[in-house]
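Have a look at the structure below, then the notes.
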């Protein structure tokens, strides 16, 4: 199924421009709708953090500062959205079916960032996030975690720089697990249109390399002629080896399962997932 509604989370920092550009690059082939989502922090939520005995004047000052920060981040994110929308030739539209061609809308919500993003992601075919390096803000990491673990939908992490293409040369990180299978299933709309598909498998105690050939056999039923590549991991982590192999085949999209069982802020994501999130230089499509 093609991605017809794409949500792009904005307002997290300097990587926003690449994220919205990536969303529009994905929208073009399917004439999809891109919804730029900005979550405003509710100033009232800052009050309990101040504790008791704080003067009313100080409470008001904190709330005013929070609202000024909301307004500044919103204005910056919206400027980027409009620039990229015009560059992509996308028409503003608030409801389906739209005028034809790629369409877009700007949406602002107020509340807990993880709840707002997860709710939006559940009603989207794909949610695009800016790149999340180790230095990313807590809010950016929490929103990504919420989408990955609680939305039931796929997400895509954009690279630092806007990619020239997305989905022409696809690498699939395959270990035979349910998460990887879901990622492949969600991605079939782009996989079947790709010029090249490479299946990357890193033999470990939990991964049988033979299952990669079985995936290639499955994709063949969809008309996809995928190449299987066994990735050596001597001297480097599995995550680093997969990113290296994806770069060697010049992949402009990496499809993989995302792993985790508790809060990201408590270092919940598996080593492979965490390494890829922090270091990928091409768009990464993940599902849990």
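Can you give me the angle between helix 210-220 and the longest principal axis of the chain, using Cα atoms only, in degrees from 0 to 90, rounded to the nearest 10? For helix 210-220, the angle is close to 80 degrees.
Set the Förster radius R0 to 22 Å, insert the Cβ-Cβ distance between residue 164 and residue 193 as r into 1/(1 + (r/R0)^6), and round the FRET efficiency to 0.05. My answer for the efficiency is 0.85.
Principal axis extents of the Cα atoms in the stretch 5-157, from largest to smallest and rounded to whole angstrom, are 57, 29, 29.
Cut-off 17 Å, label point 7 angstrom out along Cα-to-Cβ of residue 250: give me the residues of the stretch 148-164 whose amide nitrogen falls inside. Of the residues in the stretch 148-164, 163-164 have backbone N under 17 Å from the label point off residue 250. On the basis of the beta-carbon distance and an R0 of 22 Å, residue 86 and residue 123 show a calculated FRET efficiency of 0.25. Compared with the alpha-carbon gap, the fully stretched path from residue 14 to residue 79 is longer by 22.1 nm at 0.36 nm per residue. Shape descriptor for the chain: Rg over Rh equals 1.01 (Cα atoms; Rh from the Kirkwood inverse mean 1/r).
Taking 97, 163, 154 in turn, the Gaussian network model of the chain (Cα-Cα springs below 10 Å) assigns the largest fluctuation to 97. Available extension along the chain between residue 240 and residue 68 is 57.9 nm, counting 0.36 nm per residue and deducting the alpha carbon span. Extents of the stretch 169-287, largest first, come to 42, 29, 26 Å (Cα atoms, principal axes, whole angstrom). Computed per residue of the chain from DSSP H runs no shorter than four, each worth -39500 (n - 2.57), the mean residue ellipticity at 222 nm is -13000 deg cm²/dmol.
Compared with the dominant Cα axis of the chain, that is its longest principal axis, helix 16-30 is turned about 50°.
Bear in mind these aren't lab numbers, they're just calculated from the coordinates by the rules spelled out. In this text the structure is predicted, and so the values were computed from the model without any measurement. Counting neighbours? That spans all protein chains shown, and the Cβs are built from the backbone with ideal geometry, glycine included.
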